[in-house]
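The values are calculated or read from the model by the stated rules, or taken from the named source; none is laboratory data. All figures in this text were calculated on a predicted structure; none of them were measured in a lab. Here the Cβ is made from the backbone with ideal geometry for all residues, glycine too, and neighbour counts use every protein chain on show. Note: areas computed on protein heavy atoms with side chains; ligands, DNA, RNA excluded. Shrake-Rupley method; radii C 1.70, N 1.55, O 1.52, S 1.80 Å.
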Amino acid sequence: QVHLVESGGGLVQAGGSLRLSCAASGNIFSINLMGWYRQAPGKQREMVAEITSGDMTYYANSVKGRFTISRDNAKNTVYLQMNSLKSEDTAVYYCAADPRTEIPVAVISYWGQGTQVTVSS
């Protein structure tokens, strides 16, 4: 079992920045994929950014050049630095993890509780 706890969400003006953190605990040695996903009201949950155990990173087209995913292995923590935020970035952001890579969002095994990000225009 893997336990994920997100922090760092909040209210920010358009053009501003936020950094989300996701602390992992439990059987983390089994994890090869960690990522950030978001769900806006009335929309499906979507991938925002992912990082693999081999440090490959993937981004949604909508956030490329604005968001950066990174991790600190010593702290078992993954970060999402979000810059140049737009109102359309408003959503609940979830951290998730899985032993597998290249899998659909719907089958990812472990999820955090989510943190709200609201961008005001």
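Structure values in brief
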| read-out | value |
| --- | --- |
| Where a residue in segment 34-56 is closer than 15 Å to residue 104 by Cβ and touching a residue at least 12 places away in the same chain (Cβ under 8 Å) and its partner, wherever it lies, is in a loop (DSSP other than H, G, I, E, B) and of a type in the set (Lys, Arg), with Cβ under 6 Å and at least six apart | 37/45; 39/45 |
| Filtered residues of segment 1-13 (kept if assigned to a strand (DSSP E or B) and either free of Cβ contacts under 8 Å to residues at least 40 places away in the same chain or surrounded by fewer than 17 Cβ atoms within 10 Å (Cβ to Cβ) (or both)) | 3, 5, 7, 10, 11, 13 |
| Any hit, segment 79-102, residues being at pLDDT below 95, surrounded by fewer than 20 Cβ atoms within 10 Å (Cβ to Cβ) and either β-branched (Val, Ile, Thr) or in contact with an Asp or Glu (Cβ under 6 Å, 6 or more places away or on another chain) (or both) | yes |
| Test: residue 46 is of a type outside the set (A, V, I, L, M), within 19 Å of residue 102 (Cβ to Cβ), open to solvent by 60 Å² or more (accessible area, probe 1.4 Å) and at pLDDT 95 or above | yes |
| Among (1) touching a residue at least 60 places away in the same chain (Cβ under 8 Å); (2) assigned to a loop (DSSP other than H, G, I, E, B); (3) open to solvent by 30 Å² or more (accessible area, probe 1.4 Å) - the single one residue 16 does not satisfy | (3) |
| Unique match (being outside any strand (DSSP E or B), open to solvent by 30 Å² or more (accessible area, probe 1.4 Å) and either at pLDDT 95 or above or touching a Phe, Trp or Tyr at 6+ places or on another chain (Cβ under 7 Å) (or both)) among 70, 62 | 62 |
| Residue in segment 75-87 that is in contact with a Pro (Cβ under 9 Å, 6 or more places away or on another chain) and either under 18 Å from residue 4 (Cβ atoms) or assigned to a loop (DSSP other than H, G, I, E, B) (or both) present | no |
